[in-house]
Amino acid sequence: MAKSAPDPQVMANAVELACRAPSVHNSQPWHWVAEGSSLKLFLEAHRVPHATDLSGREAIISCGAVLDHLKVAVAAAGWQANIARFPNPNAPEHLATVDFSPLEFVTDAERARADAILTRHTDRLPFAPPPNWTAFEQVLADVIDGEQAALHVLPDTVRPQLAEASRLTESLRRYDSSYHAELHWWTAPYEVSDGVPYSNLVSVAERDRVDVARAFPAGELPDRRPEVDHDQSKIVVLSTYGDSRRDALGCGQALSTVLLEATLAGLATCTLTHMTELEASRDVVRALTGADDDPQLLIRIGLAPSIAQLPPATPRRPLSDVLEFRD
């Protein structure tokens, strides 16, 4: 029986939407190949920020996020994505193959989830506390695939230790010239299709009001969100039960789920990976979760009080750079 698949334009539209997924330093380390009725996802190793992401783990997590975004995008177009992860053991850069089957019906919830891809963004400013957190925490517990990742909500009482671990990470890299050169490269003002634009950076004053954050080069924007005198976000940790590439890819899929669910709830998010890049701070995070699993990333979740102050969408690579059709 011949396999069914979306037509090329539908597939292209879905990939373009999926590529709004977050990635380490907005490096977008992915490449899609449409071949026959399948869509294949590859890691572009040359786009991995190696000084930041020493093992390439964060790039794989990024690809997991784009993979889940693709699943959401095609569902809104009437297709179910059937994902085979690491289908070729002889090609480690081939992360997944996606086949498709038609859905009988597209729900409003599936359309809303795809719309959330367009409104989600990384917000590095301080957050007000998220309303109705207890109810939303239960939502997260319900939607997370426990085989992909474990979600730990850190209590507010450990915030000082978490902030200290964040500062520890920065102090350990204070004299790492390769790391700082890489940060400046990915925040350079001439980047137009990738990297973190200046409009999405924070000023020194704004950075001082967020106690758990990566220290990107400071922007020169006027002080925004002055009504939030310190970050009051909830912080969750996504951990895995192993530390393999497969675990990282699954964590990225779980990350996508959390970010889109928060966006649907009207909440702002900021993904943090600096505290899991070095073993010293990663051990601190592991201890704070009270579990033996492997912390992969943290997410700040809170409320952005003013829509008018939201930063613009970060740029993305042209579709022709990330999607290839093969006969």
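The values are calculated or read from the model by the stated rules, or taken from the named source; none is laboratory data. All values derive from a computational prediction rather than experimental measurement. In this analysis, Cβ positions are derived from the backbone assuming ideal geometry, glycine residues included, and neighbour counts consider all displayed protein chains. These area figures cover heavy atoms from the full protein model, side chains too; ligands, DNA and RNA do not enter into them. Shrake-Rupley method; radii C 1.70, N 1.55, O 1.52, S 1.80 Å.
Number of residues in the range 88-107 that are more than 20 Å from P6 (Cα to Cα) and either at pLDDT 95 or above or aliphatic (A, V, I, L, M) (or both) equals 4.
Condition check for P6 on (1) over 29 Å from T269 (Cα atoms); (2) out of contact with any helix residue (DSSP H, G or I) (no Cβ under 9 Å at 6 or more places or on another chain): one failure, at (2).
Could you please find all residues in the range 290-327 being over 22 Å from A213 (Cα atoms), of a type outside the set (D, E) and either in contact with a helix residue (DSSP H, G or I) (Cβ under 9 Å, 6 or more places away or on another chain) or open to solvent by 70 Å² or more (accessible area, probe 1.4 Å) (or both)? Of everything in the range 290-327, those that are over 22 Å from A213 (Cα atoms), of a type outside the set (D, E) and either in contact with a helix residue (DSSP H, G or I) (Cβ under 9 Å, 6 or more places away or on another chain) or open to solvent by 70 Å² or more (accessible area, probe 1.4 Å) (or both) turn out to be A308, R316, L319, S320, V322, L323, F325, R326.
So which residues in the range 237-251 are over 13 Å from the mean Cα position of the chain (by Cα) and open to solvent by less than 10 Å² (accessible area, probe 1.4 Å)?
Our first condition is that a residue be over 13 Å from the mean Cα position of the chain (by Cα); within the range 237-251, this holds for 239-247.
Within the range 237-251, S239, T240 meet the criteria.
Considering (1) open to solvent by less than 40 Å² (accessible area, probe 1.4 Å); (2) closer than 17 Å to I299 by Cβ; (3) in contact with a helix residue (DSSP H, G or I) (Cβ under 6 Å, 6 or more places away or on another chain); (4) not in a helix (DSSP H, G or I), the lone condition that V158 does not fulfil carries the number (4). Just so you know, in the range 100-141 the residues that are polar (S, T, N, Q) and open to solvent by less than 60 Å² (accessible area, probe 1.4 Å) include one that is farthest from V202 (Cα to Cα), and it is S101.
Of all residues in the range 28-71, which are acidic (D, E) and within 15 Å of the chain's Cα centre (by Cα)? Break it down stepwise before answering.
Looking only at the range 28-71, we keep the residues that are acidic (D, E), and these are 35, 44, 53, 58, 68.
Within the range 28-71, D53, E58, D68 qualify.
Taking L54 as the residue in question, decide whether it is at pLDDT 95 or above, of a type outside the set (D, E) and open to solvent by 30 Å² or more (accessible area, probe 1.4 Å). Before the answer, list the steps.
Values: at pLDDT 95 or above: no; of a type outside the set (D, E): yes; open to solvent by 30 Å² or more (accessible area, probe 1.4 Å): yes.
Considered against the rule, which asks whether it is at pLDDT 95 or above, of a type outside the set (D, E) and open to solvent by 30 Å² or more (accessible area, probe 1.4 Å), L54 comes out as no.
Only strands (runs of 3 or more DSSP E) whose full extent lies in the range 195-309 are considered here, and none of them has at least 2 residues that are at pLDDT below 95 and small (G, A, S). Within the range 29-51, residues that are farther than 20 Å from W79 by Cβ have Cβ atoms under 7 Å from residues that are among the aliphatic types (A, V, I, L, M) and part of a strand (DSSP E or B) in these pairs: P29/L43; F42/V33; F42/L95; L43/L95, counting only partners at least 6 apart in sequence or on another chain.
The residue list L95, L168 contains one member that is under 28 Å from S203 (Cα atoms) and not small (G, A, S), which is L168. Screening A205 on (1) surrounded by 14 or more Cβ atoms within 10 Å (Cβ to Cβ); (2) under 28 Å from D156 (Cβ atoms); (3) of a type in the set (A, V, I, L, M) shows it passes everything except condition (1).
When A254, A287 are screened for being aliphatic (A, V, I, L, M) and open to solvent by less than 20 Å² (accessible area, probe 1.4 Å), only A254 passes. Count of the range 4-48 residues, restricted to those that are over 20 Å from H94 (Cα atoms) and either crowded, with 23+ Cβ neighbours inside 10 Å or polar (S, T, N, Q) (or both), is 5.
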